[in-house]
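Written below as structure tokens is the structure these notes are about.
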Amino acid sequence: MNPYPPCANGSCTDHACCTPGYKYRWPNTLGMDGEKAKRIIEKDNPLVIGVIVPDDNYVIENFCCNRVWIFVNKQGKVKLPVPMVG
């Protein structure tokens, strides 16, 4: 299990509410190297931390405004689902 930041969401219950004025979805990172995607995501939205999740790993199923799961395949490339706040 990967470490991840403490969950912060205040009163938000959807992706757009969490990060007003910042991106909350990164479809442009699909197929990209996971570390590069993490840098892009954290630059685009300084309120979040990207967490790389290797193939066959599980994640906690809670909604967090300050976290972006970045699922990668065995080659370290970003795969579906699209990285997004949550």
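Of all residues in segment 52-73 being in contact with a Pro (Cβ under 8 Å, 6 or more places away or on another chain) and either part of a loop (DSSP other than H, G, I, E, B) or of a type in the set (Val, Ile, Thr) (or both), which is modelled with the lowest pLDDT?
Only one residue fits best here, namely 64.
Return the total of residues in segment 30-86 being under 10 Å from the mean Cα position of the chain (by Cα), of a type in the set (A, V, I, L, M, F, W, C) and open to solvent by 50 Å² or more (accessible area, probe 1.4 Å).
Number of matching residues: 2.
Checking residue 28 against (1) under 26 Å from residue 13 (Cβ atoms); (2) touching a strand residue (DSSP E or B) at 6+ places or on another chain (Cβ under 6 Å), which single condition isn't satisfied?
(2)
Name the single residue, out of those in segment 8-29 being at pLDDT 90 or above and either surrounded by 14 or more Cβ atoms within 10 Å (Cβ to Cβ) or within 13 Å of the chain's Cα centre (by Cα) (or both), that is farthest from residue 80 (Cα to Cα).
23
The values are calculated or read from the model by the stated rules, or taken from the named source; none is laboratory data. It should be emphasised that the depicted structure is a prediction, and the values quoted were computed from it without experimental measurement. Every residue, glycine among them, receives a Cβ derived from its backbone with ideal geometry; neighbour counts consider all protein chains shown. Each accessible area value is taken on the protein alone, full model and side chains, heavy atoms only, with ligands, DNA and RNA left out. Shrake-Rupley method; radii C 1.70, N 1.55, O 1.52, S 1.80 Å.
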